[in-house]
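A quick write-up on the structure given underneath.
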Amino acid sequence: MGMTIAEKILSKHIVDGEMIKGQEIGIKIDQTLTQDATGTMAYLEFEAMGVPRVKTERSVAYIDHNTLQSGFENADDHRFIGSVAKKHGIYFSRPGNGICHQVHLERFGIPGKTLIGSDSHTPTAGGLGMFACGAGGLDVAVAMGGGAYYITMPQMVRVNLTGRLSPWVAAKDVILEVLRILTVKGGVGKVIEYGGEGVATLSVPERSTITNMGAELGATTSIFPSDEVTRAFLKAQGRESDWSPLAADPDAQYDQVIEIDLSSLRPMAACPHSPDAVKTVKEIGQIKVDQVCIGSCTNSSLYDLMKVAYILRGKRVHPDVSLAIAPGSRQVFQMLAENGCLADLIASGARILECACGPCIGMGQSPNSGGVSLRTFNRNFEGRSGTADAGVYLVSPEVAAVSALSGVLTDPCDALGDMPAFPLPERFLINDNMIVPPAPEAEMDEVEILRGPNIKEFPIAEAVGNNLVAPVILKVGDNITTDHIMPAGAKILPYRSNIPYLSRFCFAVCDETFAERAQAAGRGVVIGGSNYGQGSSREHAALVPLYLGIRVVLAKSFARIHRSNLINAGILPLTFVNEADYDAVSQGDELAFPDARDCVEQGKPLTVINRTTGKKIPVSCELSGRSKDILLAGGLLNYTRQQG
Ligand code: MIC
Ligand code: SF4
């Protein structure tokens, strides 16, 4: 039987289990990446494992999230990551060199290889034909140490692309259409593979916009074939030797097929506050816009920004709009400077930001109260922009740029005439002088690790026991994101290596008293709805609750990365057998979990007793053999240590 692209890569990397859908498999990881906001923790964990040199083919540490340096904390973290990288065999992409996913695509990604990154948008590299997954920091640390990465063998979805995009309709509109069809839960447990004759019409940056935002589907990853377009991109990056062809077999079997005729798509937007609240720009109408932000790992390539420059050329940003633009990498930035596009952007009145995540993670550029912000980013969760009541719409660079000029949400197909071609350069400008290679192995002992005072110990879990009784500290609804659990933004992000300080902000978006109440109770339970923990890969959304004494999360269902992070942190993820029992638990109820350890160990169903109401609630804890062992050991770190 023929294989899909993902199956071909997995079959070459599987080291544990069998490729049977729904079963857990362990895969060998060729490359890893980290960014600073999750990296400090990942490297502390890597150090705790005691492995002297990374065992991957390539590991890269990027600094891109937290580059404001509003205090010593970030600079210290950057220095710490730089020194760990140097010592342990990791390439270090310095602050200012660009957003991890964009730079990885340009300089390191290789078709057919596996990559995990401590960032949920790691599937961006799927645009090059990599099997790339977002993961918790601890999983990345284990992979750097040569350990396998575990996933559930996913179902295969094929998105069949036909036709060609109309002028001013963008790759962003393709992924918005997929989100409209599948929703933020629709990709869970699935790989989204793109195929069909439409693929050849999309450049690598366009493909990567699509795979990037596949994260918002909850998918394990998204992937494109590696073809002549991929080859040309790698060649232009001076890396043609990294290319190899990769395509699904004609008789590959898919669990689901989605047909998209590219020529039928219109410019779209995801409305507040969810990436799947998608409508066409026409349907939404000409709402007044206060702010426009262009950038992020979704839409900050040279291709995107050349289009933006073309639209803004010789025009002026609307007086009521603030337009901010952050190029995705220094390569993009410098090429825009050299080809004159940067001058067009500046002349129009755009505010040019450093090439980093910036406003996407709430690091500056929060909109005004109640403001409407159009962003080319991938997430519009409530509060993520830093302004609680702002309405963020996710759009393509084309929609963003025309709307910045008109001051209202505008369909570029109406506003602009013919679209010129925007070919990719035959040769990108290659300058890797902001990527520091690691010290040679012989010199690694001389490298001193530079630790600042902001770096605090991380919490270590206790093994799951048999006599747990704990109160429900918080009950939340469906689709709770890790931005709710552990918010980011300019005030909090500097403390990603300081769990005790971070803990004050845990769940603050939902309930400002959570941290205090959890700490006072000493141990507790969180009740969640469906798709609990969607969004970011930040393991802080597990480590901080652990620090505050949360021992169990009982939900209708979980998002993939967050569930692994809970298990890695030693927190028991339980699901209701009958979803209706969600209503049988209230905040403040006292729950007992008799024989929890035995049930985990023997894979038996568990009955939770609501001591406040007397109700017995059947719950399930479907765990693979390895996850079981991790929970019984008290988290992945303890487990890895025990395994030697
Ligand atoms: C995000 O987009 O939410 C982040 C910030 O990049 C996160 C990682 C983090 O929280 O540090 C992600 O997507 O994993
Ligand atoms: Fe950075 Fe935003 Fe991309 Fe996350 S989604 S990696 S914060 S640019």
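Okay, here's what the table says:
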| read-out | value |
| --- | --- |
| Sole exception among (1) within 13 Å of ligand 2 (Cβ to nearest atom); (2) over 30 Å from residue 200 (Cβ atoms); (3) of a type in the set (Val, Ile, Thr) for residue 124, by number | (2) |
| Test: residue in segment 381-398 that is small (Gly, Ala, Ser) and within 15 Å of residue 268 (Cα to Cα) | yes |
| Out of 140, 157, sole residue that is more than 16 Å from ligand 1 (Cβ to nearest atom) and either hydrophobic (A, V, I, L, M, F, W, C) or at pLDDT below 95 (or both) | 157 |
| Residues of segment 319-364 that turn out to be assigned to a helix (DSSP H, G or I) and under 20 Å from residue 425 (Cα atoms), as a count | 15 |
| Any pair with Cβ under 8 angstrom, 6 or more apart, that starts in segment 295-306 at a residue that is in contact (Cβ under 8 Å) with a residue 12 or more places away in the chain and ends at one that is part of a helix (DSSP H, G or I) and near ligand 2 (Cβ under 7 Å from one of its atoms) | 295/360; 296/360; 297/100; 297/101; 297/360 |
| Count of residues meeting criterion [among the small types (Gly, Ala, Ser) and buried (at least 21 other Cβ atoms within 10 Å of the Cβ)] in segment 384-415 | 7 |
| Criterion violated by residue 482 - all others in (1) within 22 Å of residue 555 (Cα to Cα); (2) within 16 Å of ligand 2 (Cβ to nearest atom); (3) of a type in the set (Val, Ile, Thr); (4) surrounded by fewer than 24 Cβ atoms within 10 Å (Cβ to Cβ) satisfied | (4) |
| Number of the condition not met by residue 352 [criteria: (1) touching a residue at least 40 places away in the same chain (Cβ under 8 Å); (2) touching a strand residue (DSSP E or B) at 6+ places or on another chain (Cβ under 6 Å); (3) surrounded by fewer than 18 Cβ atoms within 10 Å (Cβ to Cβ); (4) farther than 21 Å from residue 216 by Cβ] | (1) |
| Residue check, residue 492 in contact (Cβ under 8 Å) with a residue 40 or more places away in the chain and either within 15 Å of ligand 1 (Cβ to nearest atom) or crowded, with 24+ Cβ neighbours inside 10 Å (or both) | no |
| Single unsatisfied condition, residue 112 versus (1) small (Gly, Ala, Ser); (2) away from ligand 1 (no atom under 16 Å from the Cβ); (3) under 18 Å from residue 211 (Cβ atoms); (4) under 19 Å from the mean Cα position of the chain (by Cα) | (4) |
| So residue 95, is it more than 16 Å from ligand 1 (Cβ to nearest atom), part of a loop (DSSP other than H, G, I, E, B) and over 19 Å from residue 9 (Cα atoms) | no |
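The values are calculated or read from the model by the stated rules, or taken from the named source; none is laboratory data. Remember, predicted model here, so these are calculated numbers, not experimental data. No Cβ is skipped: glycine too gets one built from the backbone with ideal geometry, and neighbour counts run over all protein chains shown.
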